Amino acid sequence: MRTEFLRGSKGPILSGPVTSKAKPTDRSPSASRFDPGRAIDVLGSFSFIGDGERGALVGPRGDIVWMCAPRWDSGAVFSTLIGGTSSYTIAPHDRFTWGGYYEPRSLIWRSRWVTGSGILESREALGRPSDPERVVLLRQVRSLKGTHEVDVELKPAAEFDRFPLSEVHRADGGWTGRLGDLWMRWSVPSSLQVRRFERGARLVGRMVISPGKSADLVLEISTIPFGDDVADVAQSWRRTEEVWRSDVPALENSLDPQGASLSVAVLHGLTSSSGAMVAAATTSLPERAEDGRNYDYRYAWIRDQALAAQAAAAAGVPQLLDAAVGFLTSRLLEDGPDLAPAYRTDGRRVPSQKRVKLPGYPGGFDRTGNHVNRQFQLDVFGESLLVFAAADRLGRLEGPSRSAARIAARAVASRWREADAGIWEIDNRAWTHSRLMCVAGLRHASNQRLGSTSEVSKWSALADEILAHVSSTSTHAGGYWQRSPDDPHVDASLLFAALRGAVSPDDTRSAFTLEAVVEQLCEYGYAYRFRHGESPLAKVEGSFVLCSFLVALNLHQQGRSAEALAWFERAAGCTGSSAIYGEEWDVRERQVRGNLPQAFVHALHLESSVTIK
């Protein structure tokens, strides 16, 4: 096919053979049949693909509605999810019903559509091993039954739609262009007839896929210009498959083998080459409509990564444990007692919150950065010690990490009396959870002898001192742990105390805290974090999926196996069709809420799966 351009025209004039089944002129050049402005799908319908350096959300209509490039905290190049116009869609031209599934032990997603003429699939993945400077987005469309006309639209725009596609040129086998400071290369099959609209900012085409045939499309976005090294598509797929098989075990002896393997894959997909694991791939997805509670989670929270490391240690996934140990070690060695609650994946501080001038996901608004950059959270030192001790038990702790453990222990000694923002990042108080996590970390570090004999003795004594203080100030008259000395209510995070070994499961406060959480913070078999004043639990926020898994693990620890299994099964079902967890589950509407995929929920799902038998 030959493409010619007229001066002043909005798109090319196509000449050459055009089949009757695939006429590019079937649509108006000024409008797109992929209308991102009118509606966006519910969060539970999106699947997640990631390579550790960045991630993308794929919608049921074959639309990639979210991806930041080149890295997690970069501006989005596909932003339809939060009201932008940039996206990348491959979908049947005919009417269809949708579905999809992950290939075993991977984040390779298969969108599956049943149309009036048969069945069509699109295989989606971010290429691995990943390159921090280059995104490789693989899409392979295959007809399983029937002949299909397939519509394709590529409309990227860097920095949340600020820099649309420009300097577009037809290249051998595809197209090249610029996205602000980024370079783009799009390799497409010869059967795809592409037209340019909006001065080349949007590329639209259609192709025909015959029964049993497939077509590959490869989108690359890079921080440096491309050379002549065009990727071998078959090899890219093979290497991606091999890396996933190497990273993700089958976990056949777990309670939920398929789900547990997917949680491992998600955690790998969120973990960068620096070892840092971001809390989620997205920003600005509201926890509750029109409530103002939507945040940017594209950063590495120390606590979240520690929870993932504990799950990895329990499941026997050494790569994830090693990544966490490496990242925590580097942060403690550099920042010491000033360890921040969260970082960018390269170790820089989290930026302050700001708006990016997009409408936002319905019910929310756009936001980047996070106010966590102004907080002190005491429990991160205890969580770090727990990770180092877990690694040492498995023979995976080296010298620098032992030095980091000593730094964390000294930080506890010097700062444990300070008020902190706590696990839920609210007002500064002497939160009971924070101090109990420090007790647990010190105990495990002492048991593993991560320091000298004198240091270990001091750590053990310090753990006793903190526990005695917390026991005297934060034990409720009802026998359970209360949130803080000045807040007598219970908090689901206090279930970590017995689970992580701050106190024994036989300690009466362990059983009483579990009963108080179930009685005061649970409805219909789902757990909430804490009560917001006198308001009903479900009125203020959704159930917290992490907390439901915590209840299951505590029931198991207390020997209440049947109840633990029931709680696990309910919590495990708090997903949409793709089995990806968000932060919250709206019990009334049966919907996923908040940013996704939420790493600490997948971590507790994994830990529960391999612990509850």
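The values are calculated or read from the model by the stated rules, or taken from the named source; none is laboratory data. Note that the structure is predicted; figures quoted are calculated from it, not measured. Methodologically, a virtual Cβ is constructed for each residue, glycine included, from the backbone with ideal geometry; neighbour enumeration extends over all protein chains shown. What goes into the accessible areas is simple: the full protein's heavy atoms, side chains included, and nothing from ligands, DNA or RNA. Shrake-Rupley method; radii C 1.70, N 1.55, O 1.52, S 1.80 Å.
Structure above, values below:
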| read-out | value |
| --- | --- |
| Percent accessible area from carbon and sulfur atoms, the chain, protein chains only, probe 1.4 Å | 48 percent |
| Compactness of region 174-275 as Cα Rg over 2.2 N^0.38 Å, two decimals | 1.45 |
| Ranking by accessible area, most exposed first, for 85, 508 with a 1.4 Å probe | 508, 85 |
| Lys, Arg +1 and Asp, Glu -1 on Cβ, resulting dipole of the chain about Cα centre, debye, nearest 20 | 1560 debye |
| Accessible solvent surface per residue of region 299-343, calculated while the other protein chains remain in place, 1.4 angstrom probe, Å² | 22 Å² |
| Spacing of the two label points (7 Å from each Cα toward its C-beta) at residue 523 and residue 166, in nm | 5.2 nm |
| Separation of alpha-carbon centers, region 550-570 and region 322-373, rounded to whole Å | 33 Å |
| Per residue value of the accessible surface for region 166-209 (all protein chains in place, 1.4 Å probe), Å² | 40 Å² |
| For the chain, alpha-carbon Rg over 2.2 N^0.38 Å | 1.01 |
| Normalised per residue, the volume of the convex hull around the Cα set of region 237-329 (Å³) | 127 Å³ |
| Zero-based 5 Å bins, Cα pair distances in region 300-347, whole percents | 5, 23, 33, 22, 12, 5, 0 |
| For residue 141, net neighbour charge (Lys/Arg +1, Asp/Glu -1) across residues whose Cβ lies under 15 Å away | +1 |
| Estimated FRET transfer efficiency (residue 42, residue 477; beta-carbon r; R0 35 Å; 0.05) | 0.20 |
| Overall dimensions of region 395-491 by Cα: Rg and Dmax, Å | 14.6, 45 |
| Computed FRET value (nearest 0.05) for residue 428 with residue 403, which takes r as the C-beta separation and R₀ as 45 Å | 0.95 |
| Full-extension gain in nm, residue 226 to residue 588, via 0.36 nm per residue minus C-alpha separation | 125.3 nm |
| Under the span-like rule (Cα at least 27 Å along the axis, Kyte-Doolittle mean at least -1.0), DSSP H helices of the chain | 453-474 |
| Cα-based Rg / Dmax (Å) for region 353-420 | 18.3, 50 |
| Length released on extending from residue 273 to residue 346, taking residue separation times 0.36 nm less the Cα-Cα span | 25.4 nm |
| Solvent accessible area, Å² - residue 232, 1.4 Å probe, full protein context | 80 Å² |
